[in-house]
Structures are given as structure tokens and as C-alpha cells.
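Below: the structure, in C-alpha cells.
Nothing in this text is a laboratory measurement; each read-out follows from the coordinates by a stated rule. The structure presented is a predicted model; accordingly, all values stated were derived computationally and were not measured. Note: ideal-geometry Cβ built from the backbone for every residue, glycine included; neighbour counts use all protein chains shown.
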Amino acid sequence: INFCYTSDAVSAIFILLEKGVDGEPYNVCGAPTNLNVKKLANWVAKTLSSTKNKVIIEKNEYTSYAPETNIILNNTKMRTLGWVPQYNIYEAYIRLKEYYEE
């Protein structure tokens, strides 16, 4: 899963406006994570749920899934401009849970 926390994406946009080179491509993404949706869902259920649930995802003839890919975006070019993402995907879910609990 390629992920970027919203405030990290916004800060990247400001850095690009100030320091980016016109016409150059930049990847705005958080730290690489080796996750798929099932792994993430199980982590959320196990770590953040009040009951220790397990997510079961079954594939049947009526369900279609996008193929799993191992493409991981590289944010090195953004980091050379001074941008550093502050939140990884796990911290984002923890913050989301805390927000809903308030």
C-alpha cells in the first residue's frame, strides 16, 4: 500500500511550490510499507478493536479484486527538497481511532 497522510501531502505541496522544479515529477508518499488490504485490515482489527477480531476476506465468483502489485513509490526526490513525512499508515489509523474516541 502506498500511503501519505493528508497533512504530509499538504506540506509536500507547499515545499513543491517553493522549491520544486517546473515540469519535474515528484512522488509524494510516506515510508514504503509491505502491506495489502487484508494485512492492513487484520492489523486494524487486532490492534485497534476493543474485541480482538480477525478479518476474513473471501474471493468468490461474484467478487473481483484488482491484482496485487509490488510497486512501491520512492520519495527520495522529495526528501532532497527537505520534505519528510511525519506519519506512517499505522500512526494514521491510531490517530483516526483517537479522533473518533474524543
Report task. Within the set of other residues whose C-beta is less than 15 Å from the C-beta of LEU81, count the net charge using Lys and Arg as +1 and Asp and Glu as -1. Result -> -1
Query raised in the report: Can you give the extra length, in nm with one decimal, that the chain gains between ILE71 and GLU102 once fully stretched, where that is 0.36 nm per residue apart less the Cα-Cα distance?
Result: 7.5 nm
Report task. Taking 7 Å along the Cα-to-C-beta vector as the label spot, tell me the GLU91-ALA41 distance in nanometres, rounded to one decimal. Result -> 2.7 nm
Report task. Starting from the Cα-Cα distance between LEU81 and GLU18, subtract it from 0.36 nm times their residue separation and give me the gain in nm to one decimal. Result -> 21.7 nm
